[in-house]
Amino acid sequence: MVVSSSLRLQPGRLPAGRVSGGCSSSGSRRRGRCRVAFASAAGVPGKDVSLQSKVGTLLDSVKWDDKGLAVAIAQNVDTGAILMQGFVNRDALATTISSRKATFYSRSRSSLWTKGETSRNFINISDVFLDCDRDSIIYLGKPDGPTCHTGSETCYFSSIEDILEPSQVTRNELALSTLYSLESTISRRKAELAEPQDGKPSWTKRLLLDNKLLCSKVREEADELCRTLEENEDTARTASEMADVLYHSMVLLAVRDVKMEEVLEILRHRFSRSGIEEKKSRTKG
């Protein structure tokens, strides 16, 4: 049986009960990224069996190792941060699909475990992806709190560069994308304002200290971005002006104590529904 490379279901929950049963694979597997989303078939005659069959077929398509396991990586749906890595078996993946909580298989205890069952810092799954060879899995979700048992946001905060060339200062920096590295730098500059200042403040600190200057720069950079369209400037100029808009806007967010993750979460919710539904859901001022 060929498994679709895009098993696209609507948000909700799978029927209660074991979902790993159903179709068996005939050995023919289509390569490519496989996306698993979630559905509710409750109250719809025949849908429970059909959905369980699809999930069973999907589970059959995974290339489990000789111990019946595959690697699963949890990723923050909004920031893109890699949260943790664990192992899953057939039942762990089926439980994740059913419960929408990241569930793994403990090799030391030989049992399933759900991230957050002790700490309550669950990873709420919005989507699941299989890689092109179907031997590794991504859990895409929203964490309720720190993922690492150390209290860190993610389990990845030890840079190889710091290990190979240790400095006198222990940084324990998270593995961050460009956007979040910038946000982290802006946050550090804000924290430094509480310390005695020597010499001329950096541009970022000047912006953090002067709301009028900051707002004038946000407006100025937004206008310059628009001019690249109005005056048909080259695309490199557009990218440069957009970078300026992002930077100054992120400084404004830091002043307001708003995280970029909050902004992206709002965007995710807005674009996961139709424009009409989204506008109706907004609180009118």
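Quick rundown of the values:
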read-out	value
Filter on 54/259; 217/259; 142/205; 115/259 - keep pairs with C-alpha separation over 30 Å	54/259; 142/205
Area accessible to solvent at residue 251, 1.4 Å probe radius, in Å²	0 Å²
Under 9 Å, Cβ to Cβ, from residue 141 - net charge with Lys/Arg +1 and Asp/Glu -1	+2
Convex hull per residue volume in Å³, alpha carbons only, for segment 202-266	96 Å³
Surface/4 estimate of mean projected area, convex hull on alpha-carbon atoms of segment 152-258, nm²	9.4 nm²
Simple label model, 7 Å out from Cα along Cβ direction - residue 117 to residue 206, nm	5.6 nm
Accessible surface of residue 113 - all protein chains present, 1.4 Å probe, nearest 10 Å²	60 Å²
Additional length obtainable on full extension of the chain from residue 271 to residue 135, 0.36 nm per residue less Cα span	45.9 nm
Segment 65-129: radius of gyration over Cα atoms, expressed as a fraction of 2.2 N^0.38 Å	1.06
Surface per residue (accessible, 1.4 Å probe) for segment 79-236, Å²	60 Å²
Rounded percent of accessible protein surface that carbon and sulfur make up, segment 48-175, 1.4 Å probe	52 percent
Sites residue 191 and residue 219 - FRET efficiency at Förster radius 41 Å, r taken between beta-carbons, to 0.05	0.95
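The values are calculated or read from the model by the stated rules, or taken from the named source; none is laboratory data. This is a predicted model, so every value here is computed, not measured. Ideal geometry is used to build each Cβ from the backbone, glycine not excepted, and the neighbour counts take in all protein chains shown. Note: accessible area is taken over every heavy atom of the protein model, side chains too, but ligands, DNA and RNA are not part of it. Shrake-Rupley method; radii C 1.70, N 1.55, O 1.52, S 1.80 Å.
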